[in-house]
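I have placed the structure first, in the form of structure tokens, so that the comments after it can refer back to it.
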């Protein structure tokens, strides 16, 4: 570990990056900057502009603690307590997933389905977690109203705070419930990033996910499709006549989820939108 108290800020940052490299972190330079800026309570510009200053002792101790947590496998977003998604900042809690870039494909697909910025949409986000999808959509569609639902009370509280932080709380509500079971219909858009990891695969997830993301938001049952069955069964009731649902998919799940939708009497009008890695990620489902 870093022992010298007389390091400059820049030297301290480089040493942190070196230790993260040895521990196998994929982006050691970036994560060293994030952790050190957090410990110093500086922004990124200050980190470079004041890099020749001596590293303060208290901040060095704080940074050492953060570094140890990261080396032990805690994701940097968990350590910092927040994560950017759709250019918005979201607070995290133990009951929420860390919003991931893959999920932005759901937002992109939903916006493409309803391209009019002033559309007065009624949006439902099932399994809202941090509220990232709902907040992004309400930000992009300022005449829309939205409801988020989550089974975890802690996630619901976090989502409410995040809607307020995004300044869309007057147009969004968050409820605790079991998917859409307690809701009536009439939604123009239903979105969801449900749990889709098979129960057997849970044990082999990366430690950053396995040890720090909530199991309730990950475990999709024996075949990874349990949540899809529950959500899709309610879509004929929840969707307005011309409404659509956009469901996030796990890798390789497109055909199975589409088959569940068709069996429920719904229509899958097009292949799923792919994420940046080329994986089919956001599937649109409509009423027939």
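Mind checking which of 14, 171, 237 has the largest fluctuation in a GNM of the chain, springs on alpha carbons under 10 Å?
14
For the chain, give the share of DSSP beta bridges that are antiparallel, in percent and rounded to the nearest 5; count only bridges with both residues there.
Rounded to the nearest five, the antiparallel share is 40 percent.
Kindly provide the helix-only [θ] at 222 nm of the chain, computed as the sum of -39,500 (n - 2.57) over DSSP H runs of four or more divided by all residues, to the nearest 500 deg cm²/dmol?
Estimated from H runs of four or more residues: -11500 deg cm²/dmol.
Arranged by the count of other C-beta atoms within 10 angstrom, fewest first, what order do 216, 36 take?
Least crowded to most crowded, the residues run 216, 36.
Once each part is reduced to its C-alpha centroid, what is the distance from the stretch 129-168 to the stretch 178-211 in angstrom?
Going from one Cα centre to the other spans 16 Å.
Using alpha-carbon positions, what is the distance between the centroids of the stretch 41-95 and the stretch 212-233, in Å?
31
Out of (i) 37; (ii) 32; (iii) 24, which label holds the value of percent of Cα pairs over 32 Å apart that was computed here?
Here percent of Cα pairs over 32 Å apart agrees with entry (ii).
Going by how many other beta carbons lie within 10 Å of each one, how would you line up 149, 268, fewest first?
268, 149
Using Cα springs under 10 Å in a Gaussian network model of the chain, which residue among 150, 222, 234 shows the largest mean-square fluctuation?
Looking only at 150, 222, 234, the largest GNM fluctuation is found for 222.
Provide the descending list of Cα extents for the stretch 9-72 along its principal axes, expressed in whole angstroms.
Ordered largest first, the stretch 9-72 gives principal extents of 28, 19, 17 Å.
Once a ≥ b ≥ c are taken as the square roots of the eigenvalues of the Cα gyration tensor of the stretch 133-187, is the result rounded (a/c under 1.5), prolate (a/b larger than b/c) or oblate (a/b not larger than b/c)?
Since a/c reaches 1.5 but b/c is at least a/b, the shape of the stretch 133-187 is classed as oblate.
Order of 113, 266 from fewest to most other C-beta atoms within 10 Å?
The order, fewest Cβ neighbours first, is 113, 266.
Mind checking the angle between helix 57-71 and the chain's longest principal axis? C-alpha axes, 0 to 90 degrees, to the nearest 10.
The helix 57-71 is inclined about 50 degrees to the chain.
Among 84, 62, 104, which one shows the highest mean-square fluctuation when the chain is modelled as a Gaussian network with alpha-carbon springs under 10 Å?
Its mean-square fluctuation being the largest, the pick is 62.
Helix 226-238: angle to the longest alpha-carbon principal axis of the chain, degrees 0 to 90, nearest 10?
Between helix and principal axis, roughly 50 degrees.
What is the stretch 82-287's relative contact order, in percent, from Cα pairs under 8 angstrom and six or more apart in sequence?
Dividing the mean separation by the residue count of the stretch 82-287 yields 20 percent.
Using only alpha carbon pairs under 8 Å that are at least six residues apart, calculate the relative contact order of the stretch 178-288 and give it in whole percent.
29
With a 10 Å radius around each residue's Cβ, average the other Cβ atoms per peptide and rank 87-100, 200-213, highest first.
87-100, 200-213
Rounded to the nearest 10 degrees, what's the angle between the helix 104-113 long axis and the longest principal axis of the chain, both from Cα atoms, 0 to 90?
So the inclination is approximately 40 degrees.
Since every read-out is calculated from the coordinates, none of them should be taken as a lab result. Since we're looking at a predicted model, the values are computed, not measured. A quick note on method: Cβ atoms are made from the backbone with ideal geometry, for glycine too, and the neighbour counts reach across all protein chains shown.
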